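J.: Starting off with a structure, shown below.
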């Protein structure tokens, strides 16, 4: 008997009264069921994209700066002498990760105490001073 009443209810259902939401405002995607709002997907996508841009920029900058420098030459020589490339790689990688961690830590500490403008000018001044010192050293040869 229960099957008959269910069939009757299904047959009496008026589908013309059913309203299907078609836009995001009708779906109310900007609020949780409790009414609270959450960050939109576009901002989280934007945030994720920004993180990848910073990652890519950092990777390219450090890769190009380290290419052919004394660290790379040192690892090349150590590998040639020891014939243990994976051990040299592990040691060099651990050292580079540690120095990078130190740089990030000092950068975070400085950014909490100084404005980015002051940090930019200080870094520019320091690089200019080092360049002048190197030029002076070359001129003395």
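Rule-based calculations on the coordinates, nothing more; no lab input. Bear in mind the structure is a predicted one, so any value in this text is a computation, not a measurement. Every residue, glycine as well, gets a Cβ built from its backbone with ideal geometry; the counts of neighbours run over all protein chains shown.
J.: With equal scatterers on the alpha carbons only and no solvent term, can you work out the Debye log10 of I(q)/I(0) for the range 67-141 at 0.22 1/Å?
T.: Those come out to -0.97, one per q.
J.: Figure the gain on full extension for residue 99 and residue 72 (residue separation times 0.36 nm, minus the Cα-Cα span) and round it to one decimal in nm.
T.: Going from the current span to full extension adds 8.2 nm.
J.: By how many nm would the segment from residue 80 to residue 112 grow when fully extended, if each residue of separation counts as 0.36 nm and the alpha-carbon distance is taken off?
T.: 7.1 nm
J.: Please give the contour-minus-distance gain from residue 132 to residue 65: 0.36 nm per residue of separation, less the Cα-Cα distance, rounded to one decimal in nm.
T.: Here the answer is 22.2 nm.
J.: Work out the FRET efficiency for residue 49 and residue 89 from their Cβ-Cβ distance, taking R0 = 22 Å, and round it to the nearest 0.05.
T.: Computed FRET efficiency for residue 49 and residue 89 comes out at 0.10.
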